[in-house]
Amino acid sequence: MRTRQPTTTLENLRIPVQAKLTAAWTSLMFFVIYIDYFHLYKPGAIDDILAGVVFELDISPALLTIFVVVIGIPALMILLSMTLPARANRATNLVVASLNIPLMVFNAVGESWEWASFYGLSIGIEVLILAFILRSAWAWPRTATSATMPTSHEAVHVQRQA
């Protein structure tokens, strides 16, 4: 006869906000890169690139520099989200994620309804990731300084007296 094993709950460790933000920016980067790659399968996309045109814009050093900036910012956010001090980290994530939402939506400009499912789903996922970043940064936990906790100045003074 088998005895019932007690059910155990899975351990749910608290993940630091920096790690959540870093993971979210990394997910966004992978997703954006794959969406750009999948875009090459669209009929005529490679012909346009070979003709020197991307999104109705002539391929030029200035355009490619803009592309580097556009993709470089989220790439830097992976590093910055893990290394910036909390206050600067929170502000930077709120600003950069907010500015990226209209940029992601811009990808659908000029596209036909035939491609609405591709652009709608991809932009929807990008915006969901950015919304997660905004929510995580906005709800960054605060530490409350207790009346019984000495400030760093008081702690040094107590140590000197000891």
Practice problem: Report whether or not Thr92 is over 27 Å from Lys42 (Cα atoms), among the hydroxyl-bearing types (Ser, Thr, Tyr) and open to solvent by 50 Å² or more (accessible area, probe 1.4 Å). | Solution: no
Exercise. Scan region 31-47 and give yes if some residue there is without any contact (Cβ under 8 Å) to a residue 12 or more places away in the chain, open to solvent by less than 40 Å² (accessible area, probe 1.4 Å) and not in a helix (DSSP H, G or I), otherwise no.
Key: yes
Quiz item: Of Leu21, Leu63, which residue is farther than 22 Å from Trp140 by Cβ and not hydroxyl-bearing (Ser, Thr, Tyr)?
Solution: Leu63
Practice problem: Any chance you could count how many residues in region 48-57 are out of contact with any helix residue (DSSP H, G or I) (no Cβ under 7 Å at 6 or more places or on another chain) and surrounded by 10 or more Cβ atoms within 10 Å (Cβ to Cβ)? | Solution: 6
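Yes/no per residue for (1) within 11 Å of the chain's Cα centre (by Cα); (2) on the phi > 0 side of the Ramachandran plot; (3) among the polar types (S, T, N, Q); (4) in a strand (DSSP E or B):
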| residue | (1), (2), (3), (4) |
| --- | --- |
| Leu63 | no, no, no, no |
| Val68 | no, no, no, no |
| Ile78 | yes, no, no, no |
| Ser81 | yes, no, yes, no |
| Leu94 | yes, no, no, no |
| Ala116 | no, no, no, no |
| Gly120 | no, no, no, no |
Exercise. Answer yes if at least one residue in region 6-19 is open to solvent by less than 60 Å² (accessible area, probe 1.4 Å) and closer than 21 Å to Leu99 by Cβ, and no otherwise.
Key: yes
Quiz item: What pairs can you find where one residue is in region 54-74 and over 20 Å from Leu99 (Cβ atoms), the other is among the charged types (D, E, K, R), and their Cβ atoms are less than 9 Å apart, with a gap of 6+ or different chains?
Solution: Val54/Asp48; Glu56/Asp48
Exercise. For region 96-114, name all the residues that are modelled with pLDDT under 90 and either surrounded by fewer than 13 Cβ atoms within 10 Å (Cβ to Cβ) or over 21 Å from the mean Cα position of the chain (by Cα) (or both).
Key: Phe106, Val109, Gly110, Glu111, Ser112, Trp113, Glu114
Quiz item: Got a number for residues in region 29-81 being under 23 Å from Ala19 (Cβ atoms) and aliphatic (A, V, I, L, M)?
Solution: 11
Practice problem: With the condition kept exactly as written, say whether any residue in region 122-141 is within 24 Å of Gln18 (Cα to Cα) and over 17 Å from the mean Cα position of the chain (by Cα). | Solution: yes
Self-check item: Scope region 50-65; condition over 14 Å from Phe106 (Cα atoms) and of a type outside the set (S, T, N, Q); matching residues
Solution: Leu50, Ala51, Gly52, Val53, Asp58, Ile59, Pro61, Ala62, Leu63, Leu64
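The values are calculated or read from the model by the stated rules, or taken from the named source; none is laboratory data. Keep in mind it's a predicted model, so treat the numbers as computed, not measured. Cβ coordinates were reconstructed from backbone atoms using ideal geometry, including for glycine residues, and neighbour counts include every protein chain displayed. Quick note on the areas: whole protein, heavy atoms, side chains included, nothing else; ligands and nucleic acids left out. Shrake-Rupley method; radii C 1.70, N 1.55, O 1.52, S 1.80 Å.
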